[in-house]
1. Does region 13-25 contain at least one residue that is assigned to a strand (DSSP E or B), touching a residue at least 40 places away in the same chain (Cβ under 8 Å) and out of contact with any Asp or Glu (no Cβ under 9 Å at 6 or more places or on another chain)?
2. When residues of region 81-113 are filtered for being aromatic (Phe, Trp, Tyr) and without any contact (Cβ under 8 Å) to a residue 60 or more places away in the chain, how many remain?
3. Pairs please, first residue from region 114-133 and closer than 10 Å to Cys34 by Cα, second anywhere and in a helix (DSSP H, G or I), Cβ atoms under 6 Å, 6+ apart in sequence or on different chains.
4. Return the residues of region 58-82 that are part of a strand (DSSP E or B) and in contact with an Asp or Glu (Cβ under 7 Å, 6 or more places away or on another chain); say none if nothing qualifies.
5. Please specify each residue of region 74-108 satisfying the condition of being of a type outside the set (Ser, Thr, Tyr) and under 11 Å from the mean Cα position of the chain (by Cα).
6. Tell me, yes or no, whether region 100-117 has at least one residue that is in a strand (DSSP E or B), within 21 Å of Met130 (Cα to Cα) and touching a Lys or Arg at 6+ places or on another chain (Cβ under 9 Å).
7. Quick check on this structure: which one of Ile118, Ile69 is β-branched (Val, Ile, Thr) and exposed (fewer than 15 other Cβ atoms within 10 Å of the Cβ)?
8. On the given criteria, is Val23 more than 12 Å from the chain's Cα centre (by Cα), among the hydrophobic types (A, V, I, L, M, F, W, C), within 30 Å of Met127 (Cα to Cα) and crowded, with 19+ Cβ neighbours inside 10 Å?
Amino acid sequence: MQNVSFRSVGELLRFLPENQLLVVEKLRELVFECIPEVEERLSFNVPFYRRFRAICFIWPGAVSWGSTIWEGVEFGFNYGNLLIDEAGFLEKGNRKQVYSRRYFSPEEINVDLLRAYIFEAVEVDEMMQMEKSKRAKSKLRK
């Protein structure tokens, strides 16, 4: 069970403590800059960003995951396991697919590095869509 229920991203933003709001705003700006055609949609009461499938999300700690509330804001990649992370930038924890990075202030965000990961995540999204299309065409031929 979550501690809140939002009807819109605006409602979520009004709920956040200022320190998390500043981080969320900077991360949202970066996502929209890197993926102009992205769709922003609330899922689990936090913004998820998608084109063909979910690419990334922004999870403020003030919005619980079950009974867990944390400090900072997590920026996650839905298919982080498919990203090249030689720098060890992303946190895996005990997850197999979703990888993330937690930020406590806007100044911590390495915009150039995060931008590169976002661009790669978009490429993964496009690759997965192409593979899906190929499989669908193959089935039609049979």
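Every read-out reported here was derived from the displayed coordinates using simple, explicitly stated rules and does not represent laboratory data. It should be emphasised that the depicted structure is a prediction, and the values quoted were computed from it without experimental measurement. Every residue, glycine as well, gets a Cβ built from its backbone with ideal geometry; the counts of neighbours run over all protein chains shown.
1. Within region 13-25, the first condition is being assigned to a strand (DSSP E or B), and the residues that meet it are none.
There is no residue in region 13-25 that is assigned to a strand (DSSP E or B), touching a residue at least 40 places away in the same chain (Cβ under 8 Å) and out of contact with any Asp or Glu (no Cβ under 9 Å at 6 or more places or on another chain).
2. Here is the first cut: in region 81-113, the ones aromatic (Phe, Trp, Tyr) are 89, 99, 103-104.
Pick out the ones that are also without any contact (Cβ under 8 Å) to a residue 60 or more places away in the chain and you get 89, 99.
Qualifying residue count for the region: 2.
3. Taking only residues 6 or more apart or on different chains, the pairs are Arg115/Cys34; Ile118/Cys34.
4. Within region 58-82, the first condition is being part of a strand (DSSP E or B), and the residues that meet it are 58-60, 65, 68, 73-77.
Result: Trp59, single match.
5. The initial filter retains those residues of region 74-108 that are of a type outside the set (Ser, Thr, Tyr), namely 74-78, 80-98, 101-102, 104, 106-108.
The answer is Glu74, Phe75, Gly76, Phe77, Asn78, Gly80, Val98, Arg101.
6. Kept after step one, since they are in a strand (DSSP E or B), are these residues of region 100-117: 100-103.
Now narrow it down to the ones that are within 21 Å of Met130 (Cα to Cα): none.
The answer is no; no qualifying residue exists.
7. Values: Ile118 fails: exposed (fewer than 15 other Cβ atoms within 10 Å of the Cβ).
One residue alone meets the criteria, Ile69.
8. Values: more than 12 Å from the chain's Cα centre (by Cα): yes; among the hydrophobic types (A, V, I, L, M, F, W, C): yes; within 30 Å of Met127 (Cα to Cα): yes; crowded, with 19+ Cβ neighbours inside 10 Å: yes.
When the stated conditions are applied, Val23 passes them.
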